Every structure is written in structure tokens, then in C-alpha cells.
Amino acid sequence: MKKEYSLKDYRKETVKLTIPVFFELLISSLFGMLDMMMVGNSGIPSIATPSIAATGITNQVMLIGIAMAQAMSVGGTAMISRYVGANKEEKIPNVVKHLLILMVGILIIPFVALNQFIPEKIMAFIGAEIETINIGINYFRIVIIGFIFQAMNLGIFASMRGAGDTKTPMRINIGVNLLNVFGNYILIFGKFGLPALGVTGAGISTSISHVVAFIILLGILLSERHIVKLNLRDKFKFNKPIMQNLLKVGGPAALEQVGFRFGVVMFIRIISGLGTVAYATHQIASNIISLSFAPGQAFGIAASTLVGRSLGEERVDRAESFIKETNRLALIASGFFGLIFFFLGPTIVGFYTNDLEIINSSGNIMKIIALIQPFQASAFAISGGLRGAGDTISTLIVTIIGVFIIRLGVAYVLINIFHMGVVGAWIAMLSDQIIRWIGISIRYKTEKWKYIKLN
């Protein structure tokens, strides 16, 4: 008979899984910020500002692919965590094989092919001006190639986290991000006798880092010492229930992310009409807020694993307690980031660029980002718990309402009717986060997520 958990036990389990994910996401975000800082300081403003815009445009496209990969992996996380809770670890390798095959066929091939075939049109659709396209087209193409390996890495990382291993993904991500920063320094600025490639050099370094991470992960999986492993000697056998579960859970999650990212693209098109400086300001602010995603996402990932494992053990009470604890800790962490953004906003923006127009316009935006923090963190944590239970349809509905009705609607009114500029766009983001938090909280309280069955 397993012991009963006290509040201290719930917190200990939550923190144990969350801290490695938090540091992984935090350091990845910091390195992402450093990437943009390097690009922003790679030349005179007439080159550096379009380069920042080019990385922002590319990031929006990449975020669609990354979000899709992460969403498709949700089914793998939910299944693997339940198998761990039910002591059926022998079923995990087959789930990993099905997940990777699904990833390649449904996501990687079409995503890479489309973006390599018409990159200029895609960049222009998102809102890139001609100078941004001319400077950033090579960066765009190179980073898209790197996505082949990045998507596979995300699927494997999700499988490892589902099994309760958050340290291995953390170590690998920190290592390859260090490699990426070193590569950026060499290739952006032209060190050690190499030519200064600017934003193109950043793309080369980023893609190489994903390739290195994939090689390391493949070595771990093939060693068979890890609970998540691949035995290539075993002939692959299609398992219909596994694929059904991956699609049942991952399908709505993927649709949620496609809808969310498409909404973000529409949102950015509204902002891009304000000009390159306004767009660059928005991209820097978006890059900064991505730093604050770390605690909420980390607790959300931990909640997915802990809820799935608890349901596998047939302990619904534990699943509920883990959601409450991850939410509580996420709110505490969000307060820390909120204070930093509120009081030090323009100072942080100053690390990205010496363009005074951008720095001066960032003060109110950073205060809005501070207000977003608690709603964002809580929604991340509760949504993670629901996804761990296999409840991805509700998060799909809430996200579509928040982005398409609230964010786009408010942004259009505040920018085009009240002429509030980028500040209006960020008020729209705050409104979206509040509505999504309310919707996710209501779904959690219905308790319907407790009774979702997986084969």
C-alpha cells in the first residue's frame, strides 16, 4: 500500500519535477534574449533594426511549428505518465516510436516543405517589409531546416518528462544553448578569422545546436539505459490504440496551437502596420515576456506528468492536489517576474538596442507585461494539469475564444479606432490572458477532466 501524501509531499514532488524544467526554460529564454541582443548590436540601426524584425518574423513562423510539435507530444506525455503510474513501463518504447513517426509524417515534412518553397510570401504575409525580407531571408531558410531536428528533440523531451525525467532535457538544452551562443558570437560578428554574417550567422548557429542535441538524444535512446528508449532491433508494429490516443489527446492540442499561432500572426499583422520601429519594439517586448513563460510552463509541464501519473495510479485526489499545488507555486513565481518588469522595464529593453525611440516607448508596455504575469502563470499551470488528464478539447475552445475574439478584437479597436499604438496591442494581450484564465479555471472546477479514459 502506497503512503498517503501530505502537503509537504505534494510540494516536494512538484518542485522536484519543476525546478529542472524551470531552469531549462529560463536559460533557453535568456539565451534567446541574448541572441536578439547580439543581432540588435550587430551593425548600424538601419541594418540592426530590420535584423531584429527578421528574427521576430521567423520566430513567429517557428513558434507555429514548435507549438505544433509540443502539442502533438502532449498525447505521448499523458500516455507515458499513466503507464509509469500503472507500472507498465514496458509499453513506453512503442509510444515513443509512434510519436516520432506521427511527428515526421504530419508535421515535419509539410512544415519544412511549405516554408522552404515560398519563404518570401510567408514573411510578407506576417508583416515583413521588403528591407526585412532582404536581410532575413537566408536566416529564415536556415532556421526552418534546423526545425527538422528541433521537432524530433521536442517529442523525445516530452516523452522523458512524461516518465518523470526532467533533468536530462535540462542538461541537454543548457549545453546546446551554450553552444548556440558561442556559435552566434563567432558567426554574427566574424571571430577567429570567419566573416561577419550578421543575422544569417545566428541562423546557422541555431540550426547546428539542434542537430547536436538530436545526436545526443539519439545516443541516449539507443543505449537502452533510459526508461524512454528505442530498440531498433525490434520490428515496428503499428498499434492502433496508441495512435488513437496520440491523436485523441494531441490532435485538439495541435489545433489549439495552430489556432493560437494563426491568431498571433493576425495580431502581428495589425501591429506591423504601425511601422518597423513599432514592430521592433513589440518583438523586443515579446522576447522579454517569453522569459516569464518559464515558471508557468515549467509548472504546467510538471502538472501534466504528475496528474497523468496520479490517474494511472487511480488516485484522482492526488491529481487534483497536484494541480492546486502547481498553480499556487506558479503564482508565487509570477509575482517575482512582475515586480522586475514593472520597475526595470526600460532598463531591460536597453540591453537589446540603443535606439532611444524604442527604449522610450517601452515603459508602459513593460508595466502591462507585469500585470499579465499572474493570469498567464495560473493558466499555464491549470492547463498543464488538464492536458495531463487528456483534456485538450477544453483548452482548445478557451484559447480560440481568447485569441480570436478578445485579443484580435480589442487590438483592432484600440489601434485603429483609439490610435493607442503598441500599448493598445499589449492591453489586448492582457485582456486575452484574463479571459483564458477565467475559462480554464471554470473548466477545472467542473471536474470532468477526472474521468477521461485512455486506452
Exactly one of Ile435, Ile440, Ile406, Ile427 is in a helix (DSSP H, G or I), at pLDDT 95 or above and under 23 Å from Gly76 (Cα atoms), and that residue is Ile440
Meets criteria (farther than 29 Å from Ile268 by Cβ and assigned to a helix (DSSP H, G or I)) for Ile101
yes
Filtering the range 115-147 for residues that are aliphatic (A, V, I, L, M), open to solvent by 60 Å² or more (accessible area, probe 1.4 Å) and under 24 Å from Ala213 (Cβ atoms) leaves a count of 1
Within the range 222-261, of all residues that are polar (S, T, N, Q) and part of a loop (DSSP other than H, G, I, E, B), the one surrounded by the fewest Cβ atoms within 10 Å (Cβ to Cβ) is Asn231
In the range 108-132, anything assigned to a helix (DSSP H, G or I) and touching a residue at least 40 places away in the same chain (Cβ under 8 Å) is listed as Ile108, Phe111, Asn115, Ile122, Met123, Phe125, Ile126, Glu131, Thr132
Taking the range 262-294 and keeping residues of a type in the set (Gly, Ala, Ser) and part of a helix (DSSP H, G or I) leaves Gly263, Ser272, Ala278, Ala280, Ala285, Ser286, Ser290, Ser292, Ala294
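The values are calculated or read from the model by the stated rules, or taken from the named source; none is laboratory data. Just so you know, these numbers come straight off a predicted model, no measurement behind them. With ideal geometry, Cβ positions are generated from the backbone for all residues, glycine too; neighbour counts draw on all protein chains shown. For accessibility, only protein heavy atoms count, side chains too; no ligands or nucleic acids. Shrake-Rupley method; radii C 1.70, N 1.55, O 1.52, S 1.80 Å.
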